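**Q** The structure under discussion is supplied below as C-alpha cells; questions concerning it will follow.
The values are calculated or read from the model by the stated rules, or taken from the named source; none is laboratory data. As the structure is a prediction and not an experimental result, all values here were calculated from the model. Glycine also receives a Cβ, built like all others from the backbone with ideal geometry; neighbour counts cover every protein chain displayed. Remember, those area values only see protein heavy atoms, side chains included, never the ligands or the DNA or RNA. Shrake-Rupley method; radii C 1.70, N 1.55, O 1.52, S 1.80 Å.
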Amino acid sequence: MQRSAVLLDLCKSCAARNNVNMLARLLANGGPAYRVPRLISVRHLSVNIADKKERTERQTERADVAIKPAVGAEVKSDIRLPHPIWKEDQLHSITITHKEPKQFSDKMAYYSVQAMRTGFDVFSGYKFGKMTEGKWIKRMIFLETVAGVPGMVAAMVRHLNSLRKMKTDHGWIHTLLEEAENERMHLMVALQLRQPGALFRGAVLFAQGIFVNMFSIAYLISPHFCHRFVGYLEEEAVKTYSKCLQHIDHGCISHWQTQKAPDIAVSYWKMAPNSTLKDVILMIRADEAHHREVNHDFSELKTDEDNPYMPGK
C-alpha cells in the first residue's frame with residue numbers, strides 16, 4: 001500500500017508537469033496490484049492533463065495571431081467610429097452646390113472661407129503654374145489637417161457644456177466626432193502617397209495653432225456662424241476634389257486611374273480589393289459633400305434641438 005501511494009504521488013507529479021511518457025512508465029512498473037485499482041483514475045488524470053495542454057496550445061496560437069498580424073495586414077487596434085459607406089451611384093451623383101448667405105453672420109462665414117481659400121491657393125501653388133502630382137498631394141494633406149479641426153473642437157465645446165450644465169447634448173457630439181475622424185482618415189490616406197518634409201510640417205503646426213484657438217473662441221460665441229463656416233469650407237473641398245477628378249481623367253495624374261488604392265483606404269471604406277486612387281478620391285469627395293450638408297443643417301438648428309443624423313449616417 002505504501003509503495004502504491006508513493007507511485008500515485010509520482011504519477012500525479014508527472015501529470016502536473018504534463019509528462020505523459022514518464023507517467024506511462026510508472027504505470028508499467030507499478031505491477032498488477034497497483035495498475036488495476038489505480039488505472040482508471042490515473043488514465044483519467046492523464047487524459048485531462050493532455051486535454052488541458054492542447055487547450056493551452058490553442059489559446060497560445062490564438063494569442064499569437066492576435067498579437068502578431070500577418071505581414072501586410074492592417075493592425076486592428078485603431079477602432080474607428082461609424083461612417084457612411086457610399087454606393088457607386090452615390091459617388092457619381094455628387095454635384096457642386098452653394099448655399100446663398102442670407103444673414104450677416106452667413107456672409108461673414110462665406111467671405112472668411114473665400115479669404116482662406118485664396119491664401120491656400122497661393123500657398124499650394126494652385127493659382128499659378130501647372131498642377132503636378134506633388135502639388136495635388138501637398139494640397140490634400142494641408143487641406144485635411146485643417147478640415148479635421150472643426151468637428152473635434154465643436155464636439156469638445158458641446159461635451160464640456162453638457163457636463164457644466166448637466167443637460168443632454170441632444171446627440172450632436174457623435175456626428176461631430178465622426179466628422180473629425182473622417183477628415184483625419186482622409187489625411188492618413190494622403191500620407192500613404194507622400195511624407196511631407198520639415199518645412200511643410202512646421203507650416204501645419206503654425207496654421208493649426210492659430211486655427212484651433214480662433215475656431216474655439218468663435219464656437220463659444222456663435223455655433224451658428226461656425227457650422228455655416230464649415231459648410232462653406234466643405235463646399236470648397238467638393239470643388240477641389242471635383243477638379244482633382246478632372247485631372248485624373250484628363251491631366252497630370254491620369255495614372256491614378258490605375259494606381260492601386262492604399263490598404264488603409266480599402267479597409268476604411270470597405271472598397272473592392274482592386275480599387276484605384278480614383279475610387280478613393282470619389283469616396284473623399286462624397287464624404288466632403290456629406291459634411292457640407294450636415295454643417296449647413298446644423299447652422300439652421302438651435303443648439304438645443306435634436307440631431308437629425310443617426311450614427312454613421
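**Q** Which pairs have Cβ atoms under 9 Å, sit 6 or more apart or on different chains, and link a residue in the range 246-261 that is open to solvent by 60 Å² or more (accessible area, probe 1.4 Å) to one that is assigned to a strand (DSSP E or B)?
**A** Filtered contacts from the range 246-261: Gln257/Thr276; Thr258/Thr276; Gln259/Thr276; Lys260/Thr276.
**Q** Ok, one more. For the range 115-126: of the residues being part of a helix (DSSP H, G or I) and touching a helix residue (DSSP H, G or I) at 6+ places or on another chain (Cβ under 8 Å), which is nearest to Phe225 (Cα to Cα)?
**A** Checked the range 115-126; the qualifying residue nearest to Phe225 (Cα to Cα) is Met116.
**Q** Inside the range 268-285, can you point out the residues that are within 22 Å of Ile79 (Cα to Cα), in contact (Cβ under 8 Å) with a residue 24 or more places away in the chain, of a type outside the set (Phe, Trp, Tyr) and surrounded by 15 or more Cβ atoms within 10 Å (Cβ to Cβ)?
**A** Passing the criteria: Val280, Met283, Ile284.
**Q** Another one. Going residue by residue through the range 44-53, is there one that turns out to be assigned to a helix (DSSP H, G or I) and either at pLDDT 90 or above or under 30 Å from Val266 (Cα atoms) (or both)?
**A** no
**Q** Right, something else. Restricted to the range 291-300, and to residues that are open to solvent by 40 Å² or more (accessible area, probe 1.4 Å) and within 16 Å of Pro150 (Cβ to Cβ), which residue is farthest from the chain's Cα centre (by Cα)?
**A** Asp297
**Q** Could you tell me whether any residue of the range 180-201 is within 16 Å of Asn295 (Cβ to Cβ), at pLDDT 95 or above and of a type in the set (Val, Ile, Thr)?
**A** No, the range 180-201 has no match at all.
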